[in-house]
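Step one of this worksheet: look at the structure below.
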Amino acid sequence: MIEWSSFLIVAAATWISAVIVITLFSAAVRMRASHLDRVEEGRGGSALRFAYWSVFGVCGVVVLLGVYLIVPALHGA
């Protein structure tokens with residue numbers, strides 16, 4: 001028998017995490033494009049570069065955490 005409440009919790013968590021990762025990645029791509037435009041204009045700075053690489057890093061950590069939670073062999077479950 002399917003436990004529908006557990007299924008709905010997993011589905012909601014999947015949708016929410018997917019939206020978060022896509023939003024963060026899109027923001028990082030936009031920051032990178034803005035940084036490249038500023039560099040082209042001669043107004044480059046390292047703060048925006050640090051920001052978009054940090055956001056890309058957070059995306060990577062979130063994806064790796066998801067893989068860790070999905071693959072039972074990684075956490076001994």
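The values are calculated or read from the model by the stated rules, or taken from the named source; none is laboratory data. Computed from a predicted model, the values in this text were never measured in an experiment. We place every Cβ from the backbone using ideal geometry, glycine too, and count neighbours over all the protein chains shown.
Among the residues of the stretch 10-24, is there at least one that is aromatic (Phe, Trp, Tyr) and either loosely packed, with under 11 Cβ neighbours inside 10 Å or modelled with pLDDT under 95 (or both)? Show your work before the answer.
Step one: of the stretch 10-24, the residues aromatic (Phe, Trp, Tyr) are 15.
Adding the requirement that they be either loosely packed, with under 11 Cβ neighbours inside 10 Å or modelled with pLDDT under 95 (or both) leaves 15.
There is at least one residue in the stretch 10-24 that is aromatic (Phe, Trp, Tyr) and either loosely packed, with under 11 Cβ neighbours inside 10 Å or modelled with pLDDT under 95 (or both).
Output the number of the condition that Arg43 fails; it satisfies all remaining conditions of (1) part of a helix (DSSP H, G or I); (2) basic (Lys, Arg); (3) surrounded by fewer than 11 Cβ atoms within 10 Å (Cβ to Cβ).
(1)
Looking at (1) surrounded by 13 or more Cβ atoms within 10 Å (Cβ to Cβ); (2) free of Cβ contacts under 8 Å to residues at least 12 places away in the same chain, which is the one condition that is false for Leu65?
(1)
Can you tell me which residue among Ala33, Ala27, Ala77, Ala73 is closer than 26 Å to Ala11 by Cβ and at pLDDT 95 or above? Outline the logic, then answer.
Details: Ala33 fails: closer than 26 Å to Ala11 by Cβ; Ala77 fails: at pLDDT 95 or above; Ala73 fails: at pLDDT 95 or above.
Step by step, each of Ala33, Ala27, Ala77, Ala73 is checked, and only Ala27 is closer than 26 Å to Ala11 by Cβ and at pLDDT 95 or above.
Starting from the stretch 21-37, keep only residues that are without any contact (Cβ under 8 Å) to a residue 24 or more places away in the chain, then list their pairs with residues that are part of a helix (DSSP H, G or I) and of a type outside the set (A, V, I, L, M) whose Cβ atoms are within a distance under 6 Å, requiring at least 6 positions of separation or different chains.
These pairs meet every condition: Arg32/Tyr52; His35/Arg49.
Does Ser17 satisfy the criteria of being closer than 27 Å to Leu65 by Cα, of a type in the set (S, T, N, Q) and in contact (Cβ under 8 Å) with a residue 24 or more places away in the chain?
Values: closer than 27 Å to Leu65 by Cα: yes; of a type in the set (S, T, N, Q): yes; in contact (Cβ under 8 Å) with a residue 24 or more places away in the chain: yes.
Considered against the rule, which asks whether it is closer than 27 Å to Leu65 by Cα, of a type in the set (S, T, N, Q) and in contact (Cβ under 8 Å) with a residue 24 or more places away in the chain, Ser17 comes out as yes.
Using the structure shown, decide if Ser54 is of a type in the set (S, T, N, Q), over 16 Å from the mean Cα position of the chain (by Cα), surrounded by 11 or more Cβ atoms within 10 Å (Cβ to Cβ) and modelled with pLDDT of 90 or more.
Details: of a type in the set (S, T, N, Q): yes; over 16 Å from the mean Cα position of the chain (by Cα): no; surrounded by 11 or more Cβ atoms within 10 Å (Cβ to Cβ): yes; modelled with pLDDT of 90 or more: yes.
Criteria not met by Ser54.
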